[in-house]
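Visitor: What follows is a single structure, and I will ask about it in a moment.
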Amino acid sequence: MSWQPQYRSSKFRHVYGKAASKEKCYDCVPITRNVHDNHFCAVNPHFIAVVTECAGGGSFLVIPINQTGKLNPNHPKICGHKGNVLDIKWNPFNDFVIASCSEDATVKIWDIPKHFLTRSITSPKRELLGHTRRVGLIEWHPTANNILFSSGYDYKIMIWNLDVEDAVISNPVKTLDAHKDVVLSMSFNTDGSLLATACRDRKIRLLDPRAGTVLQEASYKSHKVNKVLFLGNMKKLFSTGTSRWNNRQIALWDQNDLSVPLLEEDLDGSSGLLFPFYDSDTHMLYVVGKGDGNIRYYEISPEKPYLNYLMEYRSQLPQKGVGTMPKRGLEVSACEIFRFYKLIPTKSLIEPISMIVPRRSESYQEDIYPLTTGTQPALTALEWLKGVNKGPVLVSLRPGSGAVNSLPQFLEPELLMETSDLSQDQCQGRQLSPEDIKKSSKIDDSRKHLNVEEKMPKNEQVCLSNGFDIFECPPPKTENELLQMFYRQQEEIRRLREIVNQRDIQIKQLELQLRNTCMETGFY
């Protein structure tokens, strides 16, 4: 039996990390010295927020994303907390709203002016009073608007509805009492119907946040968990922690069975925490070490070995915390697929690190930029509280594809099925009945309304350039799948039109050459 090497094809095999130049860093930033295990940094396409060191109460800075270089020592601050700020998070659906939590047992919601800060802000838009001890974690719901989760040292997770007019909210809509110790990490699945938590009692819990019930619980003794993360729609959980011998360790879990991890791997003997970040668009997982300068990155696959190591970004400057830019804020012309903002308190520096896929072409690379989460919420707060689940609203990152908040209208799934059926009948040469002709005219009218110009060949199947076959692929079952199919078809139509235009030019050139040859032959 001949030996066959096990090569794995991946478009992200050669991804590399590139640190920004000194001019594009944020210098002289008084980064907090707090030892709490959090990111201490939040980023969106307009601002970067970072928790700062100050005397008397807690504060954080909000810096315009383009204001790089040395920071003015008198830069305005957000300083309404009476204790140290422990966590900050931008609203995913409003780039000018940020939430913060503190040791003073409060959660505050702040409005950032669109013309940037000219003076320090001390009065929040809303104040959430419910915890009896300090609040260490906050998380916005990924698809529902104005739903915020907070976790405190009173071992409780509280759900807040911010769709109210009250400036001070004292009663959360739901309180989860499933934990017996401090919650160290929270993570949502894609549609926000499930919540995964890591607790100081070493257990991972999977909860239904609206019902308040624990669906799964992991009490695996050889893995002391610190952070837990949902891996998109993979139905898997990823956790970081320490082993029995206090080595830094990562583990992969089946969402439906948390009794034993699918994968367990020791990394090194350092004592710093590991922060995991997952990019559901590229299926890449990043593991950032606190107290060192390394960023390991992997590619996740649905089948064994599940976790495929790619590379490691190394730096001599240790990071205390890290922030990440949403996909809509990346530089697609440079093939940037992820961006970190590394907090270096020893130098009072914030250093952006871009993860780049090396490509020679400067055109838009659709294969590394699939549809991604936009800024439009899929649900209102009341809809989610009533039990409705919906995936995130997806948008394209192609430049000039329209406003980030907008989505094109699409054919209904039944209408799309009828379209494919009629196209297949035409391909097979079968005569259409009058009823079928009426159906096709109705579909044509719908297509005109959508401005979708598409011509199907009669004797050939259309295969997309990335191997996606319209007829072999099963029909889309969800709205997201329909969106993806639509954009892929539009890209294929654009590519075919370019090929046709190039062939027309070649035909004209050959005709001109033939005419010149005939004239020369006749002359001589």
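Visitor: Per residue, how much accessible surface does the stretch 188-314 expose to a 1.4 Å probe? Answer in Å², no decimals.
Guide: Details: 5130 Å² over 127 residues.
Heavy-atom accessible area per residue stands at 40 Å².
Visitor: So which trypsin sites (Lys or Arg not before Pro) in the stretch 33-88 pass both tests, a DSSP loop state and at most 13 other Cβ atoms within 10 Å of the Cβ?
Guide: Here the sparse-neighbourhood loop sites are R33, K82.
Visitor: Can you classify the stretch 300-345 as rounded, prolate or oblate using the Cα gyration tensor, where a ≥ b ≥ c are the square roots of its eigenvalues, rounded means a/c under 1.5, and otherwise it's prolate if a/b beats b/c and oblate if not? Mind showing how you got there, number by number?
Guide: Values: a/c = 2.23, a/b = 1.28, b/c = 1.75.
Taking the square roots of the gyration eigenvalues as a ≥ b ≥ c, the stretch 300-345 is oblate.
Visitor: Among K24/K70; K77/K114; K290/K327; K108/K386; K227/K386; K125/K174, which pairs are too far apart, with a Cα-Cα distance over 19 Å? Intermediate results must be reported in sequence, preceding the final value.
Guide: On the way: K24/K70 10 Å; K77/K114 15 Å; K290/K327 23 Å; K108/K386 25 Å; K227/K386 29 Å; K125/K174 21 Å.
Among K24/K70; K77/K114; K290/K327; K108/K386; K227/K386; K125/K174, the Cα-Cα distance tops 19 Å for K290/K327; K108/K386; K227/K386; K125/K174.
Visitor: Kirkwood hydrodynamic radius (Cα pairs, Å) of the stretch 1-123?
Guide: Numbers: mean 1/r = 0.0606 Å⁻¹.
For the stretch 1-123, inverting the mean 1/r across all distinct Cα pairs yields 16.5 Å.
Visitor: Which order do the peptides 12-18, 325-331 take when ranked by the mean count of other beta-carbon atoms within 10 Å per residue, highest first?
Guide: On the way: 12-18: 15.9, 325-331: 17.6.
Packing order, densest peptide first, comes out as 325-331, 12-18.
Visitor: Quick one: which of 141-154, 281-294, 363-376 comes out on top by average Cβ neighbours within 10 Å, and what's the full order, highest first? Write down the numbers at each step before the final one.
Guide: Numbers: 141-154: 23.0, 281-294: 20.1, 363-376: 17.4.
Highest mean packing first, the order is 141-154, 281-294, 363-376.
Visitor: What share of Cα pairs, in percent, lie more than 19 angstrom apart in the stretch 188-314? Don't jump to the answer; show the numbers that get you there.
Guide: Numbers: 3635 of 8001 pairs.
Above the 19 Å cut-off, the stretch 188-314 has 45 percent of its Cα pairs.
Visitor: How large, in percent, is the carbon and sulfur part of the accessible surface of the stretch 81-218 at a probe radius of 1.4 Å?
Guide: Details: 2340 of 5370 Å².
Carbon and sulfur atoms account for 44 percent of the accessible area of the stretch 81-218.
Visitor: On to the next question. Working out 0.36 nm times the residue gap between N74 and L512, then minus their Cα-Cα distance, what length gain in nm do you get to one decimal?
Guide: Values: separation 438, 0.36 × 438 = 157.68 nm, distance 7.09 nm.
Answer, rounded to one decimal: 150.6 nm.
Visitor: Could I have the simple spin-label model distance between E165 and I499, label points 7 Å from Cα toward Cβ, reported in nm to one decimal?
Guide: 6.1
Visitor: Rounded if a/c is under 1.5, else prolate if a/b is larger than b/c, else oblate: which is the stretch 272-365, with a ≥ b ≥ c the root eigenvalues of its Cα gyration tensor? Walk me through the numbers before you get to the answer.
Guide: On the way: a/c = 2.10, a/b = 1.23, b/c = 1.71.
Oblate.
Visitor: Moving to a separate point now. Give me, ordered by chain and number, the residues 5 or more places off R126 or on other chains with an amide H under 5 Å from its own placed amide H.
Guide: Close amide H contacts, sequence-distant or interchain: I109.
Visitor: Provide the FRET efficiency to the nearest 0.05 for the S270-K221 pair, computing r from the beta carbons and using R0 = 25 Å. Numbers along the way, then the final one.
Guide: Values: r = 22 Å, r/R0 = 0.88.
Given R0 = 25 Å and the Cβ-Cβ separation, E is 0.70.
Visitor: While we're here: Pop a pseudo-label 7 angstrom from the Cα along the beta-carbon direction at both C28 and H14 and give the gap in nm to one decimal.
Guide: So the two model labels end up 4.1 nm from each other.
The values are calculated or read from the model by the stated rules, or taken from the named source; none is laboratory data. As the structure is a computational prediction, the values presented were derived from the model and not from experiment. Reconstructed Cβ throughout: ideal geometry from the backbone, glycine too, with neighbour counts over all protein chains shown. Remember, those area values only see protein heavy atoms, side chains included, never the ligands or the DNA or RNA. Shrake-Rupley method; radii C 1.70, N 1.55, O 1.52, S 1.80 Å.
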